[in-house]
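Participant: This is the structure I have questions about; it appears just below.
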Amino acid sequence: MLVYILCFGLFLVGIYGVIVKRDLVKIILALGIQGYAVNLMIVLFGYRNGSIYPILAKGKEPVPMVDPLPQALVLTSIVIELGTTALIVALAIKLFEKYGTFDITKIRRLSG
Amino acid sequence: MILPYYVIIPLLTAFLITLIAGKKDYWAIMLSFIAISALLLLSVFSFLTMKEETVTYVMSNWSVPIGIILVQDALTSYTLIMVSIISFTSLMYSVQYIRHLSMDWRYYAIFMLLVTGMNGVIVTGDLFNLFVFLEISLFSAFALVAYGGRAEEFEAAFKYTVMGSVSSVLVLLGIAILYSATSNLNMAKIAQILPTVDSKITYWVGGLFIAGFGLKAAIMPFHTWLPDAHSSAPAPISAMLSGVLIKALGIYVIIRIFFNVFNAPEIFTNIFLVLGTISIIIGVFLAVGQWDMKRLLAYHSISQIGYILLGLGIATPLGILGAVFHLFNHAIFKSLLFYNAGSVEYALGTRDLRKMGNLTKVLPTTSQTSLIASLSISGIPPFNGFFSKLIIIIAAVQAGLMGYAFLAIIGSILTLASFMKVQRYGFRGDNIISSIINPVEWRMNSAMIILAVLCVLTSLMVVPGIKELTLDPVVKVITEKTQYVQLVLGGLNVH
Amino acid sequence: MQQSEGMTIIVKTATRITVWIILLYGIYIIFHGHLSPGGGFGGGVIIALAFLNVMLAYGRKYTNNWLNIGFLQDVEASSALMFLVLGILGISLGGAFLANFMYKGKLFDLISSGTILPLNIIIGIKVGMSLFLVVWALAATNSEKGD
């Protein structure tokens, strides 16, 4: 039970970073943290009591194993977040070229 | 048997364009036209021959509790036709508009990926598959908003990307909690197992899904990315985003999950009523004071999505009929309005309403079609906006919700006021403008004329003879809620 | 000036030896994807890291002479097409999209379990090339101000 609460706390740290921080790079890092927190929670949901890792090697007997489906979901989710991070880093580089600063309170030409 | 082709055809075109396009973009344009025409023909054919049965397709020969299935029923083919029509006109419009920016094949490749993602969200029957296709179409939208290369576009794209990522993470958390409660990812199976689970899980997951998908559909507390992103993007992309993306990714998924899987509990339909009405009123108030033409249109998108949510929240068959009909109409007239704004910007070089004047001599097609579109969105007969708004208001009065109906009428009057402002200052103003920078050619004009003709034709869809054919199967699928389970699992018409 | 020269001589010599070992490790993880953890994604990232090691240690100009960037872009696009072609072959030979129609073999063999092995190889090539080309394109920016 304590593990789930700590994982949710990590998610809240990520959201705090996205809302409060002013530097572009710190916002990108906080997006990464909250993505990893949700991936960790998905893997934790697959745990079954008293089981081992879900790999069947040659010459071993089948024993009770944890659920392997959340692990496949997390693989896909990590690759999707890798793509998003690459896109948003490219946007941040272009923003620095146009505006000359990384401070998000100064990048405000559109308003109203 | 034609269900996987909705995803295969645009994906194959995107990869082929990347491989064989050289410096110019002739191959790219030809391949994308062939693909979108094929999709349009397939979707019209399947809508006309389907007649109220549900077709499923099993991917990779792994059958239901283990594998992924694709499902097609009346709501699916209806939304597919809407996506195909708007993509076809957007492609025709963007041939000339994008050539003005740069002759680049990359625009067409990312456009095809956007169409792939939307088609995938519409035909799938599995929750995690929906998440993957949602992310594919969102990436393409982020990249296309920043396509022009000016400073405002990058800022708007950055805001959109950060907020889109946060909402995707919330959706993933909701899917994870639903999986841990029911240990299955198939939408029909979850609908079967869900009544035996503790009902507090439904409220948790429903709240997370309203926050996550509501941000993609631009419902009121989550709307702040929309004015920047839709006004800075190039005009055909604004039409695609505002016309189909916020509906295929936001409203369609909300209908599937809340009506077919969760069985529409009372508390969620009340939330839809309140959020929809707030969107109508505040969206129209914020739109009246704008002087930038595309920003005004973007605020009106928020208000019209509020009408659709109001219709869904009433939850009687008449209300759902109005909501579904307004979905189709809004795609047509909002795209037409964005094409008009784009062609004015292309010809004159500015978007500010105070700098325009009398444009009826130099841009005749644009002025006439913008008059038709403004009358449609304000709800004047005989155009299609009048019928759909009338049905929603009558449904609200019949259900006894007088206050909401009154607020919807106020929203409609203010919409008329702000579009009279656009017509007065933008198209029939005081100073006569006699010369334009770039002439508008036949491709952009013909895209606008097609949509204007459709504006008048779709109001025929409510005539009692044709209504049985086109709109009633769609309403039946939504109001029968968890009969979806019997249709998908019981018969299993495998093709 | 310092950037196009690369890093010091110790780093260059160590990279010259270890790049091939990293590539071999990546190919091993891709090929045993159906028997042990890993598969296409993990192995692809390791292959991309091998090329990035060369780019970091030697600088962009030398890597541009050593590799043919246009050829890598063509390989990436055609591997995505091969994935779709294998899926469409599944429709005609297996009955549904992406069906498993190849020779299934015995348990725990290397050539077994049908189309999973070719699909892992295709995904590994695509992910590796994509990551390398993305970092290559991002490293080409110069910082200047202006609109």
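Every number in this text was worked out from the coordinates using simple rules, so none of it is lab data. Quick caveat, the model's predicted, so the values are computed rather than measured. As a convention, Cβ positions derive from the backbone with ideal geometry for all residues, glycine included, and neighbour counts pool all protein chains shown.
Participant: Residues of C:94-107, mean number of Cβ from any other protein chain within 10 Å of their own Cβ, rounded to a whole number?
Facilitator: 3
Participant: What spacing in nm lies between the two simple spin-label points modelled at A:Phe102 and C:Ser36, each 7 Å away from Cα in the Cβ direction?
Facilitator: 4.0 nm
Participant: Most exposed first by the Cβ proxy, i.e. fewest other Cβ within 10 Å, how do C:Ile69, A:Ile15 rank?
Facilitator: The order, fewest Cβ neighbours first, is C:Ile69, A:Ile15.
Participant: Rounding to the nearest 20 debye, state how big the charge dipole of segment C:2-138 is about its Cα centre with +1 on each Lys and Arg Cβ and -1 on each Asp and Glu Cβ.
Facilitator: 160 debye
Participant: Give the cross-link partners of B:Lys481 among the lysines, using a straight C-alpha distance below 29 Å as the criterion and excluding same-chain residues fewer than 8 apart.
Facilitator: Cross-link targets: B:Lys51, B:Lys189, B:Lys200, B:Lys216, B:Lys247, B:Lys389, B:Lys467.
Participant: Right, something else. To the nearest 0.05, how large is the calculated FRET efficiency for B:Asn438 and B:Gln486 if R₀ is 45 Å and r is the Cβ-Cβ distance?
Facilitator: E(calc), rounded to 0.05, equals 0.20.
Participant: Take every Cα pair under 8 Å in chain B that's 6+ residues apart, average their separations, divide by the length, and report that relative contact order as a whole percent.
Facilitator: About 17 percent, as a whole number.
Participant: Using only the alpha-carbon atoms, how far is helix B:5-20 inclined from the longest principal axis of chain B? Give it as 0 to 90 degrees, nearest 10.
Facilitator: 50 degrees
Participant: Continuing with this model, one more query. Take the Cβ-Cβ distance between B:Val197 and C:Leu86 as r, set R0 to 41 Å, and report the resulting FRET efficiency rounded to the nearest 0.05. Don't skip to the end; give the middle numbers.
Facilitator: Working: r = 39 Å, r/R0 = 0.95.
Once the sixth-power term is evaluated, E becomes 0.55.
Participant: In deg cm²/dmol and to the nearest 500, what is the mean residue ellipticity at 222 nm of chain C if only DSSP H runs of at least 4 residues count, each as -39500 (n - 2.57), divided by the residue total?
Facilitator: Counting only the DSSP helices, I get -23000 deg cm²/dmol.
Participant: Dipole of chain B, Cα-centred, from +1 at each Lys and Arg C-beta and -1 at each Asp and Glu C-beta, to the nearest 20 debye? Don't skip to the end; give the middle numbers.
Facilitator: Values: 27 positive and 21 negative charges, 169 e Å.
In debye, rounded to 20, chain B gives about 820.
Participant: Using only DSSP helix segments of four residues or longer, with each worth -39500 (n - 2.57), what per-residue ellipticity at 222 nm results for chain B after dividing by its residue count and rounding to 500?
Facilitator: -23000 deg cm²/dmol
Participant: Give me the mean projected area, in nm² to one decimal, of the convex hull enclosing the Cα positions of the protein assembly as shown.
Facilitator: Taking a quarter of the hull surface, the average projection is 34.3 nm².
Participant: Determine the calculated [θ] at 222 nm for chain A from helices alone, applying -39500 (n - 2.57) to every DSSP H run no shorter than 4 residues and normalising by the residue count; nearest 500 deg cm²/dmol.
Facilitator: Numbers: 3 runs with 71 residues, N = 112.
Roughly -22500 deg cm²/dmol at 222 nm, from the helical runs in chain A.
Participant: Determine, for B:Arg256, A:Arg48, B:Arg150, the number of other Cβ atoms within 10 Å of each Cβ, and report the residues in order from fewest to most. Spell out each step's value before the answer.
Facilitator: Working: B:Arg256 24, A:Arg48 10, B:Arg150 13.
Listed from fewest to most nearby Cβ atoms, that is A:Arg48, B:Arg150, B:Arg256.
Participant: For Cα pairs less than 8 Å apart in space and 6+ apart in sequence, what is the mean separation divided by the residue count of chain C, i.e. the relative contact order in percent?
Facilitator: After rounding, I find 29 percent.
Participant: Relative to the longest principal axis of chain B, what angle (0 to 90°, nearest 10) does the C-alpha long axis of helix B:384-398 take?
Facilitator: Helix B:384-398 and the main axis of chain B meet at about 50 degrees.
Participant: Here's another thing I want to ask about it. Once Lys and Arg get +1 and Asp and Glu get -1 on their Cβ, which of B:Val83, B:Thr124, B:Trp105 lies farthest toward the positive end of the dipole of the protein assembly as shown?
Facilitator: Checked the options; the winner is B:Trp105.
Participant: What distance in nm separates the simple spin-label points at B:Glu152 and B:Leu469, each placed 7 Å from Cα in the Cβ direction?
Facilitator: 4.5 nm
Participant: Ok, one more. For chain B, take every pair of Cα atoms, bin their distances at 20 Å starting from 0, and report each bin as a whole percent.
Facilitator: That works out to 24, 59, 16, 0, in percent per bin.
Participant: Quick one: net charge of A:Asp103's neighbours, Cβ under 13 Å, K/R +1, D/E -1? Provide the component values of the computation, followed by the final result.
Facilitator: Working: positive: A:Lys21, A:Arg22, A:Lys26, A:Lys106, A:Arg108; negative: A:Asp23, B:Glu155.
Charge balance in the 13 Å sphere: +3.
Participant: How long are the semi-axes of the ellipsoid equivalent to segment A:2-99, from square roots of 5 times the Cα gyration tensor eigenvalues, in whole Å, largest first? Walk me through the intermediate numbers first.
Facilitator: On the way: eigenvalues 261, 59, 9 Å².
Ellipsoid semi-axes (Å, largest first): 36, 17, 7.
Participant: Here is a further query. Quick check: the angle from helix A:69-99's long axis to the longest principal axis of chain A, C-alpha only, nearest 10 degrees?
Facilitator: That helix lies at roughly 10 degrees to the long axis.
Participant: What percent do you get for the relative contact order of segment A:2-99 when only Cα pairs under 8 Å and 6+ apart count?
Facilitator: 24 percent
Participant: Something else now. For B:Asp198, C:Asp109, what ranking results if the residue with the fewest other Cβ atoms within 10 Å of its Cβ goes first?
Facilitator: Sorted ascending by nearby Cβ count, the order is B:Asp198, C:Asp109.
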